[in-house]
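One structure is given below, encoded as structure tokens.
The values are calculated or read from the model by the stated rules, or taken from the named source; none is laboratory data. This one's a predicted model, so the numbers in the text were calculated from it and none came from an experiment. Cβ placement follows ideal geometry from the backbone for every residue including glycine, while neighbour counts extend to all protein chains displayed.
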């Protein structure tokens, strides 16, 4: 049994996302789980790479989940929009006959020993904003650990949020135009569409985006959107 107060204190004092990751990894291992993930609740146009904050899963599952776009077919992710309470991953409801894509996610998760898990919706004043999941092939005593993981997941998610926002605010000074362009990108607009809205050329929009990516330390559009979304939610 882990010392919840000690782990939360370690998470609260973590100054980087890597340290938060390490603290959470140690804690979930202590309750018999091997894998975990923390993601922002996705919009319909977003993929897993756009919203992931931290995760430790088998590399083959990481590739499969992305290639098959399982994020929008995962019963556990959908169920998080219907409850604020933590739940056992195996009870996330779906209709295996009418929802074969969701059945595929469940079956493939079982293939990778990721079906035994606890999922925690992350609430905010504007609704559910994220999901934290913990799983593992030998994670048998899940119901006993659910209250502990509920509290820990909330702290981990919000600490990741704080650290990433703080890093952005301390090191990044986006111009008004860069923020404006990123806001439209976050809404799913293309560079051409943004140009039409703002009366800019597509090349100018792309230049503003490249400047924002550099300032954010993002290597691609997905990371930039995630970091920008966190800063706006703060």
From the list 163, 205, 181, pick out the single residue that is modelled with pLDDT under 90 and either in contact with a helix residue (DSSP H, G or I) (Cβ under 9 Å, 6 or more places away or on another chain) or within 28 Å of residue 130 (Cβ to Cβ) (or both). 163
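Could you tell me how many of the residues in the range 1-33 are outside any helix (DSSP H, G or I), at pLDDT 90 or above and surrounded by fewer than 19 Cβ atoms within 10 Å (Cβ to Cβ)?
1
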Suppose we filter the range 22-45 for residues that are without any contact (Cβ under 8 Å) to a residue 60 or more places away in the chain and within 20 Å of residue 121 (Cα to Cα); how many remain? 3
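When you look at residue 210, is it modelled with pLDDT of 85 or more and either surrounded by fewer than 17 Cβ atoms within 10 Å (Cβ to Cβ) or over 16 Å from the mean Cα position of the chain (by Cα) (or both), yes or no? Spell out how you get there, then give the answer.
On the way: modelled with pLDDT of 85 or more: yes; either surrounded by fewer than 17 Cβ atoms within 10 Å (Cβ to Cβ) or over 16 Å from the mean Cα position of the chain (by Cα) (or both): yes.
Spelling it out, residue 210 is indeed modelled with pLDDT of 85 or more and either surrounded by fewer than 17 Cβ atoms within 10 Å (Cβ to Cβ) or over 16 Å from the mean Cα position of the chain (by Cα) (or both).
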State which residue pairs qualify: first residue under 18 Å from residue 45 (Cα atoms) and inside the range 59-76, second residue modelled with pLDDT of 95 or more in any location, beta carbons under 6 Å apart, and separation of 6 or more residues or different chains. 70/105; 73/101; 73/102; 73/105; 74/105; 75/92; 75/94; 75/102
Restricting attention to the range 109-121, does a residue exist that is in a helix (DSSP H, G or I), surrounded by 15 or more Cβ atoms within 10 Å (Cβ to Cβ) and at pLDDT 95 or above? yes
